[in-house]
Amino acid sequence: MRILGIDPGVAIVGYGVIEYERNIFKVVDYGKITTPAHIPLPKRLKMVYDSATALIGTFKPDVVAIEELFFNTNVKTAIAVGHARGVLVLAAENAGIPIAEYTPLQIKQAVAGYGRADKNQVQQMVKMFLKLNEIPKPDDTADALAVAICHAHSASLSAKLGLR
């Protein structure tokens, strides 16, 4: 199964593409989509959408796993990230790719074994699961890979339980 994991944002969207077969992870690619701050939000959202569409076309994932919006104290930022998340979901939907959504708690639980794990613990586990030499940077990229790992574990468990 090829999974495109996404950590949504406006300034930086982290992405990670992994293959998962028989409990073995293989990294295909990871990186970030960035948009300049001085550009109006609608143009930035179009850049995010176009870049996500290109990633989907290039890597042809079986599923797109995306982090659900975590509401922080900055409402303006949360709304902008919500817009970005919407265009990312739209890119997957327009490509006919199934979408899986996970909360930060679910991602931490699946990757670190503890829903309240800190960022460093999750990043160390991403590094270990994917047999990387170092933690991917920026943090958004490591977070996207964690979303992909979460989906791999979730889909694997669902298959074992006969839920899909």
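Take the conditions assigned to a helix (DSSP H, G or I) and among the β-branched types (Val, Ile, Thr) and apply them to residue 135. Does it pass? Break it down into steps so the answer makes sense when it comes.
Numbers: assigned to a helix (DSSP H, G or I): no; among the β-branched types (Val, Ile, Thr): yes.
In short, no.
Here are some conditions: (1) outside any loop (DSSP other than H, G, I, E, B); (2) within 15 Å of the chain's Cα centre (by Cα); (3) closer than 28 Å to residue 131 by Cα. Residue 25 meets all but one. Which one does it not meet?
All conditions pass for residue 25, except number (2).
Would you mind finding the one in 107, 97 that is of a type in the set (A, V, I, L, M), over 19 Å from residue 37 (Cα atoms) and not in a helix (DSSP H, G or I)?
Numbers: 107 fails: not in a helix (DSSP H, G or I).
Of 107, 97, the one residue that is of a type in the set (A, V, I, L, M), over 19 Å from residue 37 (Cα atoms) and not in a helix (DSSP H, G or I) is 97.
If you check every pair at least six apart or on different chains, which have Cβ atoms under 7 Å apart with a residue in the stretch 110-130 that is touching a residue at least 60 places away in the same chain (Cβ under 8 Å) and closer than 13 Å to residue 143 by Cβ first and a residue that is assigned to a helix (DSSP H, G or I) and charged (D, E, K, R) second?
Between residues of the stretch 110-130 that are touching a residue at least 60 places away in the same chain (Cβ under 8 Å) and closer than 13 Å to residue 143 by Cβ and residues that are assigned to a helix (DSSP H, G or I) and charged (D, E, K, R), there is no close pair.
Report every pair of residues separated by at least 6 positions or lying on different chains whose Cβ atoms are under 8 Å apart, first residue within the stretch 13-30 and closer than 23 Å to residue 46 by Cβ, second modelled with pLDDT of 95 or more and among the basic types (Lys, Arg).
Going by the 8 Å Cβ cut-off, the qualifying pairs are 13/32; 14/32; 15/32; 17/2.
The values are calculated or read from the model by the stated rules, or taken from the named source; none is laboratory data. Owing to the predicted nature of the structure, the values given are computational and were not obtained by experimental measurement. Backbone-built Cβ (ideal geometry, glycine too); neighbour counts: all protein chains shown.
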